[in-house]
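Working notes, structure below.
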Amino acid sequence: MNKKSKEHKAPWECTFAKEDKSKCKPGTPPKSDQEYFEILCLCILQAGLGWAMVRKNWPKFKQGFYVFNIQRLANAKINELLKRDGVIKNKTKVKAIINNAEEFENIRQNSGSFSNFLKSLKDMENTEAIKELVQQFSHMGEYTAEYYLHSVGYWR
């Protein structure tokens, strides 16, 4: 990283999307699978929306989505979640969060933790790691996958 890299504490402070990517340091790796999942949900919810709106409403989103509890969301019903205060009323995003919670659980069972899963991607080229995430998760395109990996400190 060059000396002009900018540090950030929250994904919405990140300049990765707005500037030369080399000017933004990757985020700090989360300490738990729960944190990895919350950031994944943040990236899914933010896609197509303004960061200012997401930042302003993040506490409401967290409450609406059961504080992004992986098991609870993996067992949630779309129509029930859509009725909750604080849940974005976008059926596609809500369905993606439920599907991604299920997939996250599968990954944790097969790899021991989500961190272990990401470590298994380290031998891949970055483009291949991005493709792997796009295949694994719903409502995640290549840019969202790249941004997610950057946000959780994956890049070497």
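The values are calculated or read from the model by the stated rules, or taken from the named source; none is laboratory data. Keep in mind that what you see is a predicted model, and the values were worked out from it rather than measured. Please note: Cβ atoms are built from the backbone with ideal geometry, for glycine as well, and neighbour counts cover all protein chains shown.
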Please enumerate the residues belonging to segment 58-87 that are surrounded by 12 or more Cβ atoms within 10 Å (Cβ to Cβ) and either touching a Lys or Arg at 6+ places or on another chain (Cβ under 6 Å) or farther than 23 Å from ASP33 by Cα (or both).
-> GLY64, TYR66, ILE78, LEU82, ARG84, GLY86
SER113 vs (1) at pLDDT 95 or above; (2) surrounded by fewer than 16 Cβ atoms within 10 Å (Cβ to Cβ); (3) out of contact with any Asp or Glu (no Cβ under 7 Å at 6 or more places or on another chain): all pass except (3)
Given the conditions (1) out of contact with any helix residue (DSSP H, G or I) (no Cβ under 9 Å at 6 or more places or on another chain); (2) over 16 Å from THR144 (Cβ atoms); (3) surrounded by 13 or more Cβ atoms within 10 Å (Cβ to Cβ), and given that LEU49 satisfies all but one, which numbered condition is not satisfied?
-> (2)
Every residue from segment 99-110 that is closer than 17 Å to ILE78 by Cα and either among the small types (Gly, Ala, Ser) or surrounded by 18 or more Cβ atoms within 10 Å (Cβ to Cβ) (or both) | ASN100, ALA101
Kindly list the number of the only condition in (1) within 24 Å of VAL54 (Cα to Cα); (2) touching a Ser or Thr at 6+ places or on another chain (Cβ under 8 Å); (3) not hydrophobic (A, V, I, L, M, F, W, C) that fails for SER111.
-> (1)
Output yes when any residue across segment 4-16 is outside any loop (DSSP other than H, G, I, E, B) and at pLDDT 95 or above, and no when none is.
-> no
Taking segment 21-80 and keeping residues small (Gly, Ala, Ser) and farther than 17 Å from SER115 by Cβ leaves SER22, ALA47, GLY48, GLY50, ALA52, GLY64, ALA74, ALA76
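Given the condition at pLDDT below 85 and within 18 Å of the chain's Cα centre (by Cα), answer yes or no: does some residue in segment 27-46 qualify?
Scanning segment 27-46 turns up at least one residue that is at pLDDT below 85 and within 18 Å of the chain's Cα centre (by Cα).
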Failed condition for PRO29, given (1) under 21 Å from GLU142 (Cα atoms); (2) part of a helix (DSSP H, G or I), with all others met?
-> (2)
When segment 34-73 is examined, which residues are found to be under 17 Å from ASN99 (Cβ atoms) and among the charged types (D, E, K, R)?
-> GLU38, ARG72
Need at least 2 residues that are among the hydrophobic types (A, V, I, L, M, F, W, C) and more than 18 Å from the chain's Cα centre (by Cα) per element, so show me which helices (runs of 4 or more DSSP H) inside segment 67-137 make the cut, counting only ones lying wholly within it.
-> 78-83
